[in-house]
Amino acid sequence: MIILSLETSCDETACAILEEKNGAFSVLANIVSSQIALHAKWGGVVPNLAAREHLKNIILVIDEALKKSRLTSKDINLIAVTNGPGLIPALLIGVETAKTLSYLWKKPLIGIHHIEGHIYANFISDKISVESKVKSQKSKETKINFPILCLVVSGGHTQLVLMKKHLSYEIIGETQDDAVGEAFDKVARILGLGYPGGPAVAKEAVGVKKYKLEAPLPRPMIKSDNFNFSFSGLKTAVLYLVKKNEKLLKNNDFVSAVCQEFQQAVCDVLISKTMRAAKKYNPKTIMLAGGVSANTELRKQLGASVQDELLNALYMIPNISYSVDNAAMIAIAASFRYKLKKNTRKLKNNWEDLETNANLKLN
Ligand code: KG4
Ligand code: ZN
């Protein structure tokens, strides 16, 4: 089965082609056209500019994906598209293009929740992804088994999701204010590091601390008796620290020390809550998902905690190319939905039924 997928929920115009054969997946093409340069000067994503850019690029990325995989429309069996959540003007470009292709090519169409895509990126079993799986795990387990506990960390979401079976999600905790990615982006802006902030903060945080901060940053809600998060206070703590030491912004050692401490505070909270949830729910697999899963420290430190404390759990992280927004993750989620026939009762001429929803819920 060959799936062509589109993703335009934020600032990447993406098209992928995925082949599924006897339960094994190969990504035949994974094309992402990034708008980072365009939005960087505004310090964040401008929805209408994003939509205009998606419109310019969507046909180009589809063409490129078909060319790369040496396929034509006739070879495609299913079309998948992110239909929420995200920025409406941006989402609509992907959804309307997918509907048009579905109508013209007479192929079934499946709408996918963006976060479901991020979670299922962990199931891509192609060559690059398998190599990225954490080596030297103590756990003998190599297969993904349920229940899965997934830490979802992106620009718009921070959630602990429990999956007892495929396509079934129980949100056991989530952020009460900012998402982790959003906090990274805001801290980068406060420190003058540009957009997107996550990779910029992570880069500054590398190396030995040469500047000692007066006091550690807070670890919000780390001791709270639930699995929720809060990152807005941490971001404000960085703002106050910088305001108090404005002249030090020119000192690279100070900026590096703030980035390192901020990143560590984020890792401490995320990991401590994930481990606590793991002890309550006894998952067989721990997964990381969403754009912030590209963060090297988070990948490493969560892996180390799982190794130390959860001897029988498998630890999964998506390959970096499937961590940040891409369309391969949408295709693989669609493959599972198609196979399990979840929300896909009518798959003939169904392009009319697909709705775009900025606040789509995960279910
Ligand atoms: O999943 P994603 O690509 O888009 C959304 O669904 O939001 O996540 C984007 C977020 C941004 O906030 C970006 O700063 C963050 O992921 N991010 C990172 C890293 N790479 C991307 N945060 C920390 N460290 C990184 N290496
Ligand atoms: Zn995303």
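The values are calculated or read from the model by the stated rules, or taken from the named source; none is laboratory data. Please read all numbers here as calculations on a predicted model, not as lab measurements. Please note: Cβ atoms are built from the backbone with ideal geometry, for glycine as well, and neighbour counts cover all protein chains shown. Just the protein is used for accessible areas: all its heavy atoms, side chains included, with ligands, DNA and RNA removed. Shrake-Rupley method; radii C 1.70, N 1.55, O 1.52, S 1.80 Å.
Observations on the structure shown:
- Eligible lysines near residue 341 by straight Cα distance, threshold 22 Å, same-chain separation 8 or greater: 21, 99, 106, 107, 164, 165, 361
- With protein chains left intact and a 1.4 Å probe, residues in the chain average 46 Å² of accessible area per residue.
- Accessible area ranking (1.4 Å probe, heavy atoms, ligands and nucleic acids excluded), largest first, for 104, 28, 4: 104, 28, 4.
- Carbon and sulfur %, accessible surface of the chain computed with the full protein complex present, 1.4 Å: 53 percent
- Qualifying aspartates and glutamates (Cα of each under 12 Å from Cα of residue 284; at least 8 residues distant if same chain): 141
- The string of couplings for region 78-88 from the Karplus curve (6.51, -1.76, 1.60, θ = phi - 60°) is 8, 10, 10, 8, 6, 10, x, x, x, 7, 3 Hz, one whole number per residue in order, with x for Gly and Pro.
- Measuring r between the beta carbons of residue 282 and residue 1 and using R0 = 35 Å, the FRET efficiency lands at 0.55.
- Sparsely packed loop sites in region 170-224 (the trypsin sites (Lys or Arg not before Pro) outside DSSP H, G, I, E and B with at most 11 other Cβ atoms within 10 Å) comprise 210, 212, 223.
- Restricting the trypsin sites (Lys or Arg not before Pro) of region 265-363 to loop positions (DSSP other than H, G, I, E, B) with no more than 12 neighbouring Cβ atoms within 10 Å leaves 341, 345, 346, 348, 361.
- Rounded to the nearest Hz, the phi-derived 3J(HN,Hα) couplings of region 60-69 under the Karplus curve 6.51 cos²θ - 1.76 cosθ + 1.60 (θ = phi - 60°) are 4, 5, 5, 4, 5, 5, 5, 4, 4, 8, where x marks glycine and proline.
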